[in-house]
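Here is the structure we will look at.
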Amino acid sequence: MNKKYLAKNNNVFFENESLFNFSNTLIISSLIALFFVAGIYLKIDSDKKQKFLEEVRQNNEKIKQETEAQKLNLYQLEQEKQNQESLLKKEQQQRLALENEIKQQQKQSEKYQLLPTINEEKQPDNSQLTAYIDINLKNRKFWLTKMPKKTVALTFDDGPSPKYTEQVLDILKKYNVKATFFVVGYRIEQYCPILKRIVSEGHELGNHTYHHNFLTKITPELQQQEMYKTQLAINNCVGSSYVPRWLRSPYGDQDETTLEIAHNLGLNTVLWSLDTNDWRPSSTSKSIVSQAIKTHGQDIILMHDATEANPQLGLPESSNSRQNTVNSLEDIIINLQGDQINFVTMSEGFLN
Ligand SMILES: [Zn+2]
C-alpha cells in the first residue's frame, strides 16, 4: 500500500512534476518571449535613438557649416564694406585734390591776368621800325623800338642745365650783366638750385613750355597745360610771388591759338630778333660772337644754355654741345659794352 501510495504519490508527484514542468516551461517561454519582445523593443528603441542621435549630429554639423558659411559671408561683407569705404575715401581725396588744383589754377590765373601785357602796342612810325618780334602775330604785335636805344636783351633758352647754365651765370656776374632765361618746365624740379641762383642774381625767368614741344602740333588744352605747368614749376621752385611774364614758344612754333592761350595766362609772347645760330652744329664761338655783335641796340638776342631740350624731338641740325655759347659770351659782352650798349632783361626792356 505504501508502495502503491508511494506510487500513487509518485504518480501524483509525477503528475505534479509534469504540471510543474509545464508551468515552468510556460514561464520560461513567456520570459524568453518577454525578453525577446523587450529585446526587439530595446533594439528598435536603440536604433531610433541612434538614428535620432545621427540626425542630431547631422543637424549640428549642418548648423555648424551654415554658421561657418555665415561667418565667411559676414567676413566677406565686412571686407567688401571696408573696400568700398577705402574706395570712397580715395575718391573723396582725389576729388579734394582736384578741387584744390582747380582752385589753385583759378587763383594763379587771376594773379597772372592782373599783369600788364603789352599786346596792344601801336605800330611806331616805319622809320623807327627795327623788326617784328612775333612775326606770326597779327593783332598783338609789339615792337623792338619799345626798347631803350642802345640796349639789348640777352636771352638763353632750354635750361636750366647743370653743365652750362652756371658757367653762363659766372660770366654774367663778372660783367654785371642781366639776362633772361627761358626755362623748360620738366628740368626745373631737377635743377631747382640753378633756377634759384638765376633769380637771386637779378636775372629774369621766362616760360619755354614744360616739354619743349611743337605747340601747334598739340591740342589747345595741351598747349595750356604746357604753359601753365611751367608757371607752377617756376613758382614751386623760386616761390609763389615770382610771376613769369614771358613765353617763348619752342622752335618759334606758334599760332594765334598759342598766343591767345598765353595771353589768358598773362604771358607776353616773344621770339627773337637776332639769332646767334649757336644751336647749329657748324657754329663756333667766333661765329657766335660775330653774329651777336651785328646789333646796334634794340635787339633780342637768341642763345642757348642747354642742348636739345626734348631729345625725343631731336632736330638733326642741332648741336649737341653749348660750350661754344659759353666760350663766346665774354667776347660778346666786352664788344657790346665797348659800343656803349646796355644789357636788359625782357621786362626791363619792354615793361618799364
Ligand atoms: Zn628751345
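Approximating the spin labels as points 7 Å out from Cα along Cα→Cβ, the Gln58-to-Ile218 distance works out to 7.3 nm. Quote the relative contact order of segment 160-280 in percent (integer), defining contacts as alpha-carbon pairs under 8 Å separated by 6+ residues. Rounded, it is 24 percent for segment 160-280. Highest mean packing first, where packing is the average number of other Cβ atoms within 10 Å per residue, the peptides 168-177, 327-336, 79-88 line up as 327-336, 168-177, 79-88. Remark: Met346, Met303 ranked as Met346, Met303, counting other beta-carbon atoms within 10 Å and listing the fewest first.
By counting other Cβ atoms within 10 Å of each Cβ, how are Cys192, Cys237 ranked from fewest to most? Least to most surrounded, the residues fall as Cys192, Cys237.
The Cβ shell under 9 Å around Lys178 holds other residues with a net charge of -3, Lys and Arg each +1, Asp and Glu each -1.
Normalised by the number of residues in segment 126-350, the mean separation of alpha-carbon contacts (under 8 Å, six or more apart) gives a relative contact order of 29 percent.
Each value in this text was obtained by applying a stated rule to the coordinates, not by laboratory testing. All of these numbers come straight from a predicted model, not from anything done at the bench. Please note: Cβ atoms are built from the backbone with ideal geometry, for glycine as well, and neighbour counts cover all protein chains shown.
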